[in-house]
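To start, I am sharing the structure in question, which I have written as structure tokens.
The values are calculated or read from the model by the stated rules, or taken from the named source; none is laboratory data. This is a predicted model, so every value here is computed, not measured. Note: ideal-geometry Cβ built from the backbone for every residue, glycine included; neighbour counts use all protein chains shown.
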Amino acid sequence: MIKGLMITPPVIGRIAIGKVVERNGKRLPEKDDEFTITTQVQSRGQWILHPLDEALRLAAGQPHGGIKEGLKPSLPDGVLNDAQGTSAHASSSADAGPSSPGESSRSSQTVQSAARAGRRSLKEKMGIANAGDAAGETATSTVPSPAATPARRKLRNIPVRVLFNDPDLNLRANYTLFDRTTARPVCVGDGENCKRVTSKGLESMPCPGPDACAFGKDGCKPYGRLNLVIGDSDELGSFVFRTTGFNSIRTLTARLQYFAAVSGGYLACMPLELKLRGKSTTQSHRSAIYYADLVVRTGLSLNAAIAQAKELAGQRLASGFDQTALDGAARLGYANGSFEDSPDEAAEIVEEFYPEESQASSVPATAKASGPWATGSQAKSRNGTHSPYQ
């Protein structure tokens, strides 16, 4: 094992609440009111959606539906699909009895128009559409109506599991300060102790937290990473949810601790659900802000979820699955390095979670003279205020 390289859970995708958009020549984070599941590949500055994103949106419209890929989206109420519209019109024509050749021609045109448009007008249902109407219907059928386009469902619930029984292995949260010029972490602490890059190298120091720390003022934030398993295609591969939101970190930490306690330590087997919640505060000017929460999966009570967790734990144990050894391997991997995020990932993290407006734009001149962010240097924001939780 390479020393100094932190071994983290394998990541096969991302879970985000928002995206980065270009505005006035700058790429800035933009929050959203739903989850988005993406791959780790970008195209034209945007993350490519993961196939599970669409599968979960389709499953969201079905009561207690599972993840089913490749299904055709259902249409809104009152709109018929192609097969339903064609068969229904054919039945109504048959019930109307024999007709003249001209009427038969117009009827066939009407059926084709209905099949293309995906819905029928009142005249078509009555079978009295004339040639002019049929021609008009054919011309307008090429323009899709708003009602014929299925509404995109918002993804606000994701069925998940966690990898480890130890809550701290699933969610790592620290106070973190990044250097925007190099996109590398400079100081990482837990409110008691921290690791800081100085002119002498990496040093361990007391960590008073961002509110009382002159070094990390205006740039240090709580930063959390939660690894979650979605589906069963890769039971050791995870989707990472990153956040600097105080509400998400506090809520997720509490939930993981509570579920581990009530399940008797079978946290990795609990059927859970990542849920988006909203709230309004004075700091948000009474507008809605969104954060992530973990709850028992939809359709299950807490007792039923605990029973399922114990049953799954028994099945894993009978098959030879060693959850204790897996937790131990993850613990050793985290202890093998100093900082979790690699340099290539840190650039995206700084762009999305540490925008320039809320952090010093560059390393202070005093720090540059004596090394990278020398001890005692202080970053100053443009407005001189401290806002670690925005």
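Anything in region 348-371 that is modelled with pLDDT under 65, of a type in the set (A, V, I, L, M, F, W, C) and in a helix (DSSP H, G or I)? List them, or say none. Break it down stepwise before answering.
Pass one, region 348-371, residues modelled with pLDDT under 65: 357-371.
Keeping just the survivors that are of a type in the set (A, V, I, L, M, F, W, C) gives 360, 363, 365, 367, 369.
The answer is ALA365, ALA367, ALA369.
Can I ask one more? Against the condition within 30 Å of SER284 (Cα to Cα), surrounded by fewer than 18 Cβ atoms within 10 Å (Cβ to Cβ) and among the hydroxyl-bearing types (Ser, Thr, Tyr), how does TYR258 come out, does it pass?
Yes: the conditions hold for TYR258.
So is TYR291 touching a helix residue (DSSP H, G or I) at 6+ places or on another chain (Cβ under 7 Å), among the aromatic types (Phe, Trp, Tyr) and at pLDDT below 95 or not? Show your work before the answer.
Numbers: touching a helix residue (DSSP H, G or I) at 6+ places or on another chain (Cβ under 7 Å): yes; among the aromatic types (Phe, Trp, Tyr): yes; at pLDDT below 95: yes.
So TYR291 passes the test.
I would also like to ask the following. Limited to region 261-272, what total is found for residues that are under 23 Å from PRO10 (Cβ atoms) and surrounded by fewer than 19 Cβ atoms within 10 Å (Cβ to Cβ)?
1
Moving on to the next point. Failed condition for MET6, given (1) part of a strand (DSSP E or B); (2) not assigned by TED's automatic domain parsing to the domain that holds SER342, with all others met?
Just one mismatch for MET6, condition (1).
A quick yes/no check of all residues on (1) within 30 Å of GLU30 (Cα to Cα); (2) in contact with a Cys (Cβ under 8 Å, 6 or more places away or on another chain); (3) among the charged types (D, E, K, R):
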{"site": "ILE289", "(1), (2), (3)": "yes, no, no"}
{"site": "ARG297", "(1), (2), (3)": "yes, no, yes"}
{"site": "SER319", "(1), (2), (3)": "no, no, no"}
{"site": "ASN336", "(1), (2), (3)": "no, no, no"}
{"site": "GLU345", "(1), (2), (3)": "yes, no, yes"}
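Give me the residue from region 243-258 that is out of contact with any Phe, Trp or Tyr (no Cβ under 7 Å at 6 or more places or on another chain) and either of a type in the set (Lys, Arg) or without any contact (Cβ under 8 Å) to a residue 60 or more places away in the chain (or both) and, out of that set, farthest from GLU34 (Cα to Cα).
Filtering first and then ranking leaves TYR258.
Taking the stated definitions as given, is ASN303 at pLDDT below 95, among the polar types (S, T, N, Q) and out of contact with any His (no Cβ under 9 Å at 6 or more places or on another chain)? Write out each step before concluding.
Details: at pLDDT below 95: no; among the polar types (S, T, N, Q): yes; out of contact with any His (no Cβ under 9 Å at 6 or more places or on another chain): yes.
No: the conditions fail for ASN303.
So is PRO29 more than 15 Å from PHE239 (Cβ to Cβ) and either in contact (Cβ under 8 Å) with a residue 12 or more places away in the chain or part of a strand (DSSP E or B) (or both) or not?
For PRO29, the condition - more than 15 Å from PHE239 (Cβ to Cβ) and either in contact (Cβ under 8 Å) with a residue 12 or more places away in the chain or part of a strand (DSSP E or B) (or both) - is met.
Return a yes/no flag: does region 282-305 have any residue that is free of Cβ contacts under 8 Å to residues at least 12 places away in the same chain, within 21 Å of GLY224 (Cα to Cα) and among the aromatic types (Phe, Trp, Tyr).
There is no residue in region 282-305 that is free of Cβ contacts under 8 Å to residues at least 12 places away in the same chain, within 21 Å of GLY224 (Cα to Cα) and among the aromatic types (Phe, Trp, Tyr).
Right, something else. If the requirement is being in contact with a Phe, Trp or Tyr (Cβ under 6 Å, 6 or more places away or on another chain) and either within 18 Å of THR8 (Cβ to Cβ) or in the same structural domain as PHE35 (by TED's automatic domain parsing) (or both), which of these qualifies: ALA313, ALA329, ALA318? Explain how you work it out, then say what you get.
Working: ALA329 fails: in contact with a Phe, Trp or Tyr (Cβ under 6 Å, 6 or more places away or on another chain); ALA318 fails: in contact with a Phe, Trp or Tyr (Cβ under 6 Å, 6 or more places away or on another chain).
Answer to the check: ALA313.
Right, next: Does THR244 satisfy the condition of being of a type in the set (Val, Ile, Thr) and touching a Pro at 6+ places or on another chain (Cβ under 9 Å)? Outline the logic, then answer.
Values: of a type in the set (Val, Ile, Thr): yes; touching a Pro at 6+ places or on another chain (Cβ under 9 Å): yes.
Here the answer is yes, as THR244 does meet what is asked.
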